[in-house]
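Engineer: The structure under discussion is supplied below as structure tokens; questions concerning it will follow.
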Amino acid sequence: MKKNMAETPRSSTLSDVAYERILENLFNKTLPAGAFVSQRHLVDLLDVPIAPLRDALRVLEAEGILKIHPRSGIEFVKPGLELTRSTYQFRAIIERSAVRAFAETANEDVFTSLIAKHDALIERLEAGEQGESVLTALEHLEGDLHNTIVETLNNPLISSSYQRMHNYLRLVRLDRRLTPPVMLRSLHEHLSILEACKARDADAAEAAIQQHFGAALQRHIGFS
């Protein structure tokens, strides 16, 4: 009995490591989206034992990231139009409610800080800066804005579901092409949300975030 109790935390930790490494390899494209691989290949690639790997695979299957084919292999989801639409629909459901609370209750310093960060990145782009540094800055700023909005709800169930959705979002974004004009449009859409929030206008904030998601969806499927 003591042996089993001692092994439980280690098994759990290794399962978490396997889970994170699978996602990391998906997002850096070492594991291509849509790949069909064996468990042995994943053991060698991820450098984790088979038991915690299987635990991680079951969790990821429940989250819709992959499908386990018994005695055959592991099939990873390949992002397509339906997954992209579903991901943005889910984001809109969560964040339309969250942004209303954000507009009505967040400290004004939060709005001011986020607006200043957006203005600074817009200035960099308009000055002609390109490359990995601005792409990374945009990614961080997107996470900063949207996570801050969702955290306003102070609901651990929503936060957990939103984090799982973020994995889908990263998958559907793997092949997106971000040019300066596209980044500038996204940043200005963010500013519309923030200006509405700063004015404490929940209706305008909800409309702005809905418009942002609609435009982002169109960009992802290549219509704008």
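The values are calculated or read from the model by the stated rules, or taken from the named source; none is laboratory data. These numbers come from a predicted model, not from an experiment. Neighbour counts run over all protein chains shown; Cβ positions are idealised from the backbone, glycine included. The accessibility values were calculated without ligands, DNA or RNA, using every heavy atom of the protein model including side chains. Shrake-Rupley method; radii C 1.70, N 1.55, O 1.52, S 1.80 Å.
Engineer: Considering the range 166-188 alone, what residues qualify as being of a type in the set (A, V, I, L, M, F, W, C), surrounded by fewer than 17 Cβ atoms within 10 Å (Cβ to Cβ) and under 18 Å from the mean Cα position of the chain (by Cα)? I'd like the intermediate steps shown before the answer.
Structural biologist: Within the range 166-188, the subset of a type in the set (A, V, I, L, M, F, W, C) is 169, 171-172, 174, 178, 182-184, 187.
From the residues that got through so far, the ones that are surrounded by fewer than 17 Cβ atoms within 10 Å (Cβ to Cβ) too are 174, 178, 182, 184.
Of everything in the range 166-188, those that are of a type in the set (A, V, I, L, M, F, W, C), surrounded by fewer than 17 Cβ atoms within 10 Å (Cβ to Cβ) and under 18 Å from the mean Cα position of the chain (by Cα) turn out to be Leu174, Leu178.
Engineer: How many of the residues making up the range 189-216 are open to solvent by 30 Å² or more (accessible area, probe 1.4 Å) and within 15 Å of Arg96 (Cβ to Cβ)? Write out each step before concluding.
Structural biologist: Initially, the range 189-216 is screened for residues open to solvent by 30 Å² or more (accessible area, probe 1.4 Å), giving 189, 192, 195, 198-201, 203-204, 206-207, 210-211, 214.
Add one more test, that the residue is within 15 Å of Arg96 (Cβ to Cβ), and what stays is 189, 192, 201, 203-204, 206-207, 210-211, 214.
Residues that pass the stated criteria total 10.
Engineer: Next question. Looking for something within 21 Å of the chain's Cα centre (by Cα), open to solvent by 70 Å² or more (accessible area, probe 1.4 Å) and at pLDDT below 95 - is there at least one such residue anywhere in the range 119-135?
Structural biologist: Yes, the range 119-135 has at least one match.
Engineer: For the range 140-167, what are the residues that are in contact (Cβ under 8 Å) with a residue 40 or more places away in the chain and of a type in the set (Ser, Thr, Tyr)?
Structural biologist: Thr148, Thr152, Ser161, Tyr162
Engineer: Next up: Could you list, in sequence order, all residues of the range 95-106 that are surrounded by 20 or more Cβ atoms within 10 Å (Cβ to Cβ) and among the aliphatic types (A, V, I, L, M)?
Structural biologist: Of everything in the range 95-106, those that are surrounded by 20 or more Cβ atoms within 10 Å (Cβ to Cβ) and among the aliphatic types (A, V, I, L, M) turn out to be Ala98, Val99, Ala103.
Engineer: Looking at (1) in a helix (DSSP H, G or I); (2) under 26 Å from Tyr19 (Cα atoms); (3) open to solvent by 10 Å² or more (accessible area, probe 1.4 Å); (4) not acidic (Asp, Glu), which is the one condition that is false for Arg71?
Structural biologist: For Arg71, the failing item is (1).
Engineer: State whether the residues of the range 83-101 include one that is free of Cβ contacts under 8 Å to residues at least 12 places away in the same chain, assigned to a helix (DSSP H, G or I) and either under 18 Å from the mean Cα position of the chain (by Cα) or farther than 25 Å from Ile193 by Cβ (or both).
Structural biologist: Keep residues of the range 83-101 that are free of Cβ contacts under 8 Å to residues at least 12 places away in the same chain, which gives 89, 93.
Checking which are assigned to a helix (DSSP H, G or I) leaves us with 89, 93.
In the following step, the residues that additionally are either under 18 Å from the mean Cα position of the chain (by Cα) or farther than 25 Å from Ile193 by Cβ (or both) were identified as 89, 93.
Looking through the range 83-101, at least one residue is free of Cβ contacts under 8 Å to residues at least 12 places away in the same chain, assigned to a helix (DSSP H, G or I) and either under 18 Å from the mean Cα position of the chain (by Cα) or farther than 25 Å from Ile193 by Cβ (or both).
Engineer: Scan (1) under 22 Å from the mean Cα position of the chain (by Cα); (2) farther than 27 Å from Val172 by Cα; (3) small (Gly, Ala, Ser) for the single condition Gly80 breaks and write down its number.
Structural biologist: If we test Gly80 against (1) under 22 Å from the mean Cα position of the chain (by Cα); (2) farther than 27 Å from Val172 by Cα; (3) small (Gly, Ala, Ser), just (2) comes out false.
Engineer: With the range 1-67 as the region, which helices (runs of 4 or more DSSP H) entirely inside it contain at least 3 residues that are modelled with pLDDT under 90 and open to solvent by 50 Å² or more (accessible area, probe 1.4 Å)?
Structural biologist: 2-27
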